[in-house]
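The values are calculated or read from the model by the stated rules, or taken from the named source; none is laboratory data. A quick note: this is a predicted structure, and the numbers were derived from the prediction, not measured. Counting neighbours? That spans all protein chains shown, and the Cβs are built from the backbone with ideal geometry, glycine included. Remember, those area values only see protein heavy atoms, side chains included, never the ligands or the DNA or RNA. Shrake-Rupley method; radii C 1.70, N 1.55, O 1.52, S 1.80 Å.
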Amino acid sequence: MRDLGSHTKELVSAVLSYEFDGGEIDACAIDLVRGGEFAEWRDALTDSGLFTDDAVEVIGSAWRRDPELLVDALLDGADEVSRRRLKTIRRPALLPVHVPAARVVAFG
């Protein structure tokens, strides 16, 4: 987190890498972060008990300004191939389309 200081960056990366617990990082989760959805990750910081409410708010504000800060923290412990693959922003045309159930029309 370039504007949060190295100690905060290290703590955030440690907490979030624990959240993955050695599992594969989901590309869709990274897409959601880039779309501004990071409540799950903010909650993980809060639940860790390592950050005050004020600190979580400062971190959340930084993520809103630059979601790539959170992406970097999530990819901190990833292998080089995963990091390169997930640091590349995917084209919207290649992303899965979400159709709300109310808009699905059945024929028959």
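Set side by side, the residues ASP72, ASP79 differ, and just one is open to solvent by 50 Å² or more (accessible area, probe 1.4 Å) and either out of contact with any helix residue (DSSP H, G or I) (no Cβ under 9 Å at 6 or more places or on another chain) or among the hydrophobic types (A, V, I, L, M, F, W, C) (or both), which is ASP79. Exactly one residue out of GLY108, GLY36 is at pLDDT 90 or above and part of a loop (DSSP other than H, G, I, E, B), and it is GLY36.
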